[in-house]
Amino acid sequence: METELTEVMEHIKIYFSKNLQEYKVLKVRKKSYHPDDSCLYMVSAGKKDGTYTVWTCWNEATRSLNHGHYGLLSEQDCEKVFEEYYYGEPDNQKGQPDYAD
């Protein structure tokens, strides 16, 4: 699992270096642990202007990024969005594996 998440992170970093250069990726987390969602992740990033954004859908199969939540004021706000959009049992949400840069 860790290797897979690391590979996904590398693909996301490549995407950001080409398309969203004003952002620095902070964290990548699975969107769900349902087998049908195995290619879906969430991404948080800091912007050069001091704000943060969470995209609640990175599709690893198509390498596309969607559903941005812009203008967040802190990394804690990013965590709240992660928690709100994670699909799974509430008890499984805390401490789930993620990748932080």
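The values are calculated or read from the model by the stated rules, or taken from the named source; none is laboratory data. Being a predicted model, the structure only gives us computed values, none of them experimental. The area values use the complete protein model at the heavy-atom level, side chains included, leaving out ligands, DNA and RNA. Shrake-Rupley method; radii C 1.70, N 1.55, O 1.52, S 1.80 Å.
Here is how the numbers come out for the structure above:
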read-out: Sequence-distant lysines (8 or more away, or on other chains) whose Cα lies within less than 20 Å of Lys48; value: Lys13, Lys18, Lys24, Lys27
read-out: In Å², nearest 10: area of His67 left accessible to a 1.4 Å probe; value: 120
read-out: Residue-normalised accessible area of region 1-88, expressed per residue, 1.4 Å probe, Å²; value: 55
